[in-house]
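What follows is a short report on a single structure.
The values are calculated or read from the model by the stated rules, or taken from the named source; none is laboratory data. Only a predicted model underlies this, so the values are computations on that prediction, with no experimental measurement involved. Here Cβ is always computed from backbone atoms with ideal geometry, including for glycine, and neighbour counts include all displayed protein chains.
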Amino acid sequence: MKEGLYRTLKRKIITLTLVMSLTPLLILGAVLYYQFESAGREMTREQIRYRAQAQAEAVDLFLKERTAILNAMADTHDFAQMIDEKNLARIFEVMNSRAGAFVDLGIIDSRGAHRAYIGPYDLRGRNYLDQSWFNEVMIKGHYKSDVYMGFRQQPHFIIAVRRHENQQAWILRATIDPNRFEEIVRSAQIGRTGDAYLVNREGFLQTRPRFEGDVLGQTAIDTRQFGGRVTVIELEDAAGTERFYAGSWLNDNKWLLIINQQPLELMSRLFALRQMEIFIITLGVLGIVATTIFTTRLTINRLRKSDREMIELNAQLVQSDKLAALGKMAAGVAHEINNPLAVILQKTGWMEDLLEEEGLKQSANIAEFRQSIAKIEQHVERARKVVHNMLGYARKMEPRLEDVDVNSTIDQTITILENHARINNIDIQVDLAETVPIIAGDQAQLQQVFLNLFTNAIDAIGSNGTIEVASWRSDDHIVVTIKDDGPGLSEDMMRKIFDPFFTTKDPGKGTGLGLWVSHNIIAKMGGGIHVKNNPDKGAVFTVEIPIVIPEKK
């Protein structure tokens with residue numbers, strides 16, 4: 001009879017445990033699976049939107065710089081000087097040496113006659129009185145043309161400015177190098193399917209696309225679909241493949257910069273994460289099933305051998321031991337998470353301040369907003385790595401080997417903390433030797449070491465101080481020193497500085513694990529970390545990193 005009760009109890013325990021455990025897991029997995037694509041598409045739209053806006057600003061800046069140069073030349077020279085072709089040649093040479101991308105330069109009088117010309121084409125004596133651009137520049141004072149054929153019978157575009165002198169008007173006109181201009185536009189192309197090009201309002205190509213069409217060819221895209229600052233739409237290309245098209249108007253809304261790309265390429269990493277999610281959930285289900293069956297059988301077997309009170313007592317002891325171990329590990333993990341979280345909060349506050357400014361959509365600060373978002377993602381990822389590394393200490397995991405530039409890692413760490421240092425009026429002075437080689441190591445762990453040392457130096461100074469960091473090669477080691485002008489350390493502090501849970505900070509402001517973790521990381525690399533007081537003021541931490549030459553790939 002008891003055996004029947006045990007079998008019934010075991011069946012009920014397994015059924016109830018699996019239902020209660022798997023139901024929320026499977027629901028969560030299903031929700032995540034279907035949310036991945038929508039979230040990925042939105043992220044992809046934002047990515048291509050940002051690229052279109054940034055590239056449009058770069059192209060606009062290119063045009064404004066060339067227009068400004070033409071204005072400067074016209075303002076500083078009179079008509080008589082400009083029609084002197086020797087003088088005009090010198091001006092042309094100066095313009096190209098300072099900015100470049102100018103193909104030719106010409107002076108046109110108020111009757112449309114080409115009075116002086118420097119360039120590779122035979123344009124002297126040409127008359128532009130009947131040209132539409134000539135009338136527009138005479139009326140408006142400046143003009144940037146669409147790409148057209150003109151007298152030279154090849155695609156090009158011009159920038160022209162008008163000047164008045166002695167009640168007479170004259171025009172300084174320059175042709176922009178189309179190859180140089182196309183290079184700027186094409187720099188927005190990424191991946192195998194990315195494309196970037198310019199069209200005018202009528203849909204005629206102003207630069208050559210990567211895949212289909214040519215300059216001055218007609219595109220199938222309706223430019224009226226794009227409005228405002230940046231517009232992202234989804235269309236099918238000629239091959240029937242779905243693409244994201246991001247369009248941004250520039251050149252006084254005459255040109256439309258279009259960046260397009262297949263979303264599948266941009267979302268490939270996200271799809272990989274989705275497959276990883278399915279794999280992890282599957283492993284979780286199998287683990288839950290196996291664990292449930294195993295623990296249920298174990299419980300029933302123990303019920304056969306001992307009374308319920310003894311089993312509950314043992315379970316409580318095991319649980320208490322787990323909680324104690326988890327508590328110790330949580331303290332160490334929390335310490336290392338604090339630094340990335342501080343950066344996240346700092347950047348979030350910065351973005352909130354920027355959002356309160358008027359005219360945000362036209363502000364140049366939008367680039368900083370995007371950079372802050374990127375840094376948030378970077379530090380969230382770093383927090384994940386720190387947790388992984390801390391858990392790895394208990395499992396005796398070795399550092400992951402990759403090509404590491406120590407100087408670059410130091411620069412990245414300073415970038416993370418420069419805002420915090422600047423707020424506290426702390427100057428970080430850098431002297432990094434160019435002879436420091438690339439080594440094989442774990443960049444994330446090495447950055448964690450430098451982040452701990454810089455953070456401790458900033459905390460030791462408080463405010464109004466200087467941190468000096470230097471690097472050089474010494475035989476088979478890379479030596480990095482970090483000096484601060486804080487209060488320094490006593491002899492007793494220096495003996496305990498690398499002990500776990502030892503801290504010089506006020507209660508509640510530090511766990512005393514940062515330098516202990518850093519010491520363990522450098523020790524696993526085969527190096528060392530030392531501390532001494534600076535003879536003048538403050539403390540000096542010296543990190544010795546062994547030079548391990550990366551394997552040839």
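Looking at the structure I just gave you, is residue 504 of a type outside the set (Gly, Ala, Ser), over 21 Å from residue 528 (Cβ atoms), more than 28 Å from the chain's Cα centre (by Cα) and assigned by TED's automatic domain parsing to the domain that holds residue 416? Write out each step before concluding.
Working: of a type outside the set (Gly, Ala, Ser): yes; over 21 Å from residue 528 (Cβ atoms): yes; more than 28 Å from the chain's Cα centre (by Cα): yes; assigned by TED's automatic domain parsing to the domain that holds residue 416: yes.
When the stated conditions are applied, residue 504 passes them.
Please go through the range 483-501 and give me each residue that is more than 12 Å from residue 540 (Cβ to Cβ), surrounded by fewer than 20 Cβ atoms within 10 Å (Cβ to Cβ) and of a type outside the set (D, E, K, R), ordered by number.
First, the residues of the range 483-501 that are more than 12 Å from residue 540 (Cβ to Cβ): 487, 490-493, 495-501.
In the following step, the residues that additionally are surrounded by fewer than 20 Cβ atoms within 10 Å (Cβ to Cβ) were identified as 487, 490-493, 495-496, 498-501.
Within the range 483-501, 487, 490, 493, 498, 500, 501 qualify.
Answer with yes or no whether residue 287 is farther than 30 Å from residue 60 by Cα and modelled with pLDDT of 75 or more. Show your work before the answer.
Values: farther than 30 Å from residue 60 by Cα: yes; modelled with pLDDT of 75 or more: yes.
Considered against the rule, which asks whether it is farther than 30 Å from residue 60 by Cα and modelled with pLDDT of 75 or more, residue 287 comes out as yes.
Could you name every one of the helices (runs of 4 or more DSSP H) located completely within the range 42-143 that has at least 2 residues being buried (at least 20 other Cβ atoms within 10 Å of the Cβ), of a type in the set (D, E, K, R) and free of Cβ contacts under 8 Å to residues at least 12 places away in the same chain? I'd like the intermediate steps shown before the answer.
Numbers: elements: 79-82, 85-98, 132-140.
Qualifying helices (runs of 4 or more DSSP H): none found.
Could you grab me the full set of residues in the range 188-216 that are assigned to a loop (DSSP other than H, G, I, E, B) and either of a type in the set (Val, Ile, Thr) or surrounded by 16 or more Cβ atoms within 10 Å (Cβ to Cβ) (or both)? Before the answer, list the steps.
Kept after step one, since they are assigned to a loop (DSSP other than H, G, I, E, B), are these residues of the range 188-216: 188-194, 201-203, 206-216.
Listed by number, the residues that qualify are 188, 189, 190, 193, 194, 206, 207, 208, 209, 213, 215.
Which count do you get for residues in the range 144-164 that are outside any strand (DSSP E or B) and not aromatic (Phe, Trp, Tyr)?
At the first step, the residues of the range 144-164 found to be outside any strand (DSSP E or B) are 145-147, 149-155.
Then keep just the ones that are not aromatic (Phe, Trp, Tyr); that gives 145-147, 149-150, 152-155.
The total comes to 9.
Looking only at residues in the range 517-543 that are out of contact with any strand residue (DSSP E or B) (no Cβ under 8 Å at 6 or more places or on another chain) and surrounded by 14 or more Cβ atoms within 10 Å (Cβ to Cβ), which one is nearest to residue 459 (Cα to Cα)?
If we take residues in the range 517-543 being out of contact with any strand residue (DSSP E or B) (no Cβ under 8 Å at 6 or more places or on another chain) and surrounded by 14 or more Cβ atoms within 10 Å (Cβ to Cβ), then 537 is nearest to residue 459 (Cα to Cα).
Can you report the number of residues in the range 219-264 which are over 28 Å from residue 67 (Cβ atoms) and assigned to a strand (DSSP E or B)?
11
Give the residues of the range 201-233 that are touching a residue at least 24 places away in the same chain (Cβ under 8 Å) and touching a helix residue (DSSP H, G or I) at 6+ places or on another chain (Cβ under 8 Å), sorted by residue number.
Answer for the range 201-233, where residues must be touching a residue at least 24 places away in the same chain (Cβ under 8 Å) and touching a helix residue (DSSP H, G or I) at 6+ places or on another chain (Cβ under 8 Å): 201, 207, 208, 210, 215, 229, 230, 232.
If you check 548, 480, which single one turns out to be buried (at least 20 other Cβ atoms within 10 Å of the Cβ), within 30 Å of the chain's Cα centre (by Cα) and not in a helix (DSSP H, G or I)?
On the way: 548 fails: buried (at least 20 other Cβ atoms within 10 Å of the Cβ).
480 is the lone residue from the list that is buried (at least 20 other Cβ atoms within 10 Å of the Cβ), within 30 Å of the chain's Cα centre (by Cα) and not in a helix (DSSP H, G or I).
Given the conditions (1) modelled with pLDDT under 90; (2) more than 27 Å from the chain's Cα centre (by Cα); (3) of a type in the set (A, V, I, L, M, F, W, C), report the number of the one that residue 36 does not fulfil.
(2)
Within the range 165-187, identify whether any single residue is closer than 15 Å to residue 58 by Cβ and assigned to a loop (DSSP other than H, G, I, E, B), and answer yes or no.
Narrowing the range 165-187 to residues closer than 15 Å to residue 58 by Cβ: 176, 180-187.
Now narrow it down to the ones that are assigned to a loop (DSSP other than H, G, I, E, B): 187.
Among the residues of the range 165-187, at least one is closer than 15 Å to residue 58 by Cβ and assigned to a loop (DSSP other than H, G, I, E, B), which makes the answer yes.
Output the residues belonging to the range 217-254 that are on the phi > 0 side of the Ramachandran plot and surrounded by 13 or more Cβ atoms within 10 Å (Cβ to Cβ). Give the derivation first.
Going residue by residue through the range 217-254, those that are on the phi > 0 side of the Ramachandran plot are 228, 240, 251-253.
Within the range 217-254, just 251 meets the criteria.
Go through the range 88-110 and give me each residue that's farther than 18 Å from residue 123 by Cβ and touching a helix residue (DSSP H, G or I) at 6+ places or on another chain (Cβ under 6 Å).
99, 101 - these are the residues of the range 88-110 that are farther than 18 Å from residue 123 by Cβ and touching a helix residue (DSSP H, G or I) at 6+ places or on another chain (Cβ under 6 Å).
Take the range 234-251 and flag every residue that is without any contact (Cβ under 8 Å) to a residue 12 or more places away in the chain and of a type in the set (Ser, Thr, Tyr).
none
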